[in-house]
Structure formats: C-alpha cells, structure tokens
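Inspection log for the structure reproduced underneath, given as structure tokens.
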Amino acid sequence: MAYMYILKCDDGSYFTGSTKNLERRLWQHQNGLGANYTKKHLPVKLVYAEEYQRIDDAFYREKQVQGWGHKKKEALISQNYIELHKFSECQNESHSRGFDSAQPPDFETI
C-alpha cells in the first residue's frame, strides 16, 4: 500500500506528502526527522490520507494536491465536495467571458 497524506502544522499550514509506510512517516515528521518544512513547524497532526496500490499513484496525487490553495485543501480534508468543486473552477476574470473576450477589440483573423 501507498499513501498520500496531509499534515496540519502548528502554525495552521498544511504539508502534503506520500509514503509507503504512513505510520513510520508520521512518526518521523512528529519527531523532527521528516521534511525540513515540518521540522520547522512542529507539532504536526495527520488530518487526511488516501490509500493507493502503487507509490507512483500516491506521489502523483501528492504533487496535484501540493499545488492547491489552503481553502481547497481544507475542503478535501473535510470532504466538502461542493466547496472542493467550487475551488477547482477557474477563478480568473476571463473564465466567465469566454476565449474571444481575451482578444483585443481590433483583433482580426488573417
């Protein structure tokens, strides 16, 4: 088995990782032997984990979740799929206007 996990650090930030041995890795993090980030933000608490058959799948998921913002991670942790979906949508202004609106008004197709 392999795992993608999220730790909540003492300062309220989240750390996302992957491992084949979740219990051992959590112990390492809690004892300052894990990542440099968690070492500086002790104590840490396991708040979420997903199980995978293969470590490369867990690692892929880790990289995906690492790119998420704080609120989106909180939605995943609380399993609030409505909020998770909301934070998955494009949030920039051009999203709702469509592709054509990103072109200057005098743009002509050659």
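My understanding is that a pair violates if its Cα-Cα distance is over 19 Å; which of LYS39/LYS71; LYS8/LYS39; LYS8/LYS63; LYS20/LYS63; LYS8/LYS40; LYS20/LYS71 do that in this structure?
Pairs exceeding 19 Å: LYS39/LYS71; LYS20/LYS71.
What distance in nm separates the simple spin-label points at ASN36 and SER88, each placed 7 Å from Cα in the Cβ direction?
3.3 nm
Wrap a convex hull around the Cα atoms of the range 2-90, take a quarter of its surface area, and give that in square nanometres.
Convex hull of Cα atoms, orientation-averaged projection: 5.6 nm².
Between ARG24 and ARG54, 0.36 nm times their residue separation minus their Cα-Cα distance comes to what?
9.0 nm
A short reminder: the numbers here are calculations on the coordinates, not readings from a lab. This structure is a prediction, so every number in the text was calculated from the model and none was measured. Heads up, the Cβs are rebuilt from the backbone with ideal geometry, glycines too, and the neighbour counts pull from every protein chain shown.
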